Amino acid sequence: LIVPSVKAKLDKKKAEQDRIEFTRDEYPEPVVEDEDGQPQIKKDYDTLMQSLRTKVDDVQKSVVIVQESTAGLNYENYIENRENVTSTAGLIVAYVNSRYIILTSKKYTDNTANISVKVNDNEYKAVYVCSDSNTGISIISVEADQMSEDDRTSIEVSVLSNSYILNKGELVIAAGNIYGTDSAVDYGTITNISSYSLIDNNVDIFETNLTAKDEDYAFLFNSDGNVVGISVRSNKDVKLKFIGISDLKGTIENMINHQEIMYFGIKAENVDNELADKYSLTTGIYILEVEQESPAYQAGLQTGDVIVEVNGEECLTMQKFNERLYRCQAGQSVNVLVKRLGKSGYFEVSYDVNVEYR
């Protein structure tokens, strides 16, 4: 018999081995300019396009079709009732415990639906894991043992790259459900980069020159064939937009590892030195909105406060704030130092915020 204390240590070690961890990304140093004062970028368009074409097969290996039936049919007979089946794209983001972990749209997956994953021409039963309403993504899984050997060798786990280094004008690949068609691939360029505030997170939004149809859902790959973005749900006659993958790694990691996502309750944006000088602000995390009855609201934080420290350590970006929040446990007290604007200028106020599960 195994002594309980020894068994506990073995179980803990196994759990640690099964955990998924993604490398966190940093924003790059300022772009180096050439002799003409222009950023050093790849200028040979034909060479770039040829490079993209060689990556299409690699890109498609990590993208699958996710199908769902909401008609109350069981898996054995729902395939015969196509009128109630919808489909979207899924991205293989991990392989753990003999299961493929797939990221997809929350719109088409929940714990009451019958879900399958299509690889080549074969369909396999999938299991719902969890969803995040803040980002609109879901995690599902498929047992590798039920798949044919040919299908297993035809798919690969995607590589989540650093989206912070993307620039306007770069060539990219979009793969997934595009123009209302499954397993579609197209090339495009990044036409604009903006920032959008989610609850307790701030994400980059990459707009492309690719036209989207209603309900298109795809994934964005760079010229190396690595993932840099996840589709923002589109409306009719707009361009495909993507959330930068670097801003979602913490959320995806927690979802895969069955860790609850923590809730603080603010929407905010980063104020760097340039913005601080332009608008007479102080550098840090400027709170745009405090959600009613959220932990931040109950602690006393206000719109216009600027977070500068978390638990005694400097914290000047939402990305850093987000990482520290994910390491917390429900009920844990997080000390936040903010700068608040008064009649005589900014003054410092400290708050203890008891975070909770979202």
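The values are calculated or read from the model by the stated rules, or taken from the named source; none is laboratory data. Quantities reported herein were computed from a predicted structural model and do not represent experimental measurements. Glycine gets a Cβ as well: all are built from the backbone with ideal geometry, and neighbour counts include every protein chain shown. Heads up: the accessible areas ignore ligands, DNA and RNA and are worked out on the full protein's heavy atoms, side chains in. Shrake-Rupley method; radii C 1.70, N 1.55, O 1.52, S 1.80 Å.
The table below gives the values:
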| read-out | value |
| --- | --- |
| Output for the stretch 328-354, where each listed residue is open to solvent by less than 60 Å² (accessible area, probe 1.4 Å), closer than 16 Å to GLU309 by Cβ and touching a residue at least 60 places away in the same chain (Cβ under 8 Å) | CYS328, VAL334, VAL353 |
| Count of residues meeting criterion [under 25 Å from TYR279 (Cα atoms), out of contact with any helix residue (DSSP H, G or I) (no Cβ under 9 Å at 6 or more places or on another chain) and at pLDDT below 95] in the stretch 322-340 | 0 |
| Test: residue in the stretch 108-131 that is modelled with pLDDT of 90 or more, surrounded by 22 or more Cβ atoms within 10 Å (Cβ to Cβ) and closer than 22 Å to PHE242 by Cα | no |
| Selected residue (criterion: nearest to GLN67 (Cα to Cα)) from residues of the stretch 127-153 that are touching a Ser or Thr at 6+ places or on another chain (Cβ under 6 Å) and of a type in the set (Gly, Ala, Ser) | SER138 |
| Qualifying residue in the stretch 139-146 (condition: under 14 Å from the mean Cα position of the chain (by Cα) and not small (Gly, Ala, Ser)) | yes |
| So THR191, is it without any contact (Cβ under 8 Å) to a residue 12 or more places away in the chain and surrounded by fewer than 19 Cβ atoms within 10 Å (Cβ to Cβ) | no |
| Test: LEU301 is surrounded by 20 or more Cβ atoms within 10 Å (Cβ to Cβ), among the aliphatic types (A, V, I, L, M), more than 23 Å from THR251 (Cα to Cα) and in contact (Cβ under 8 Å) with a residue 24 or more places away in the chain | yes |
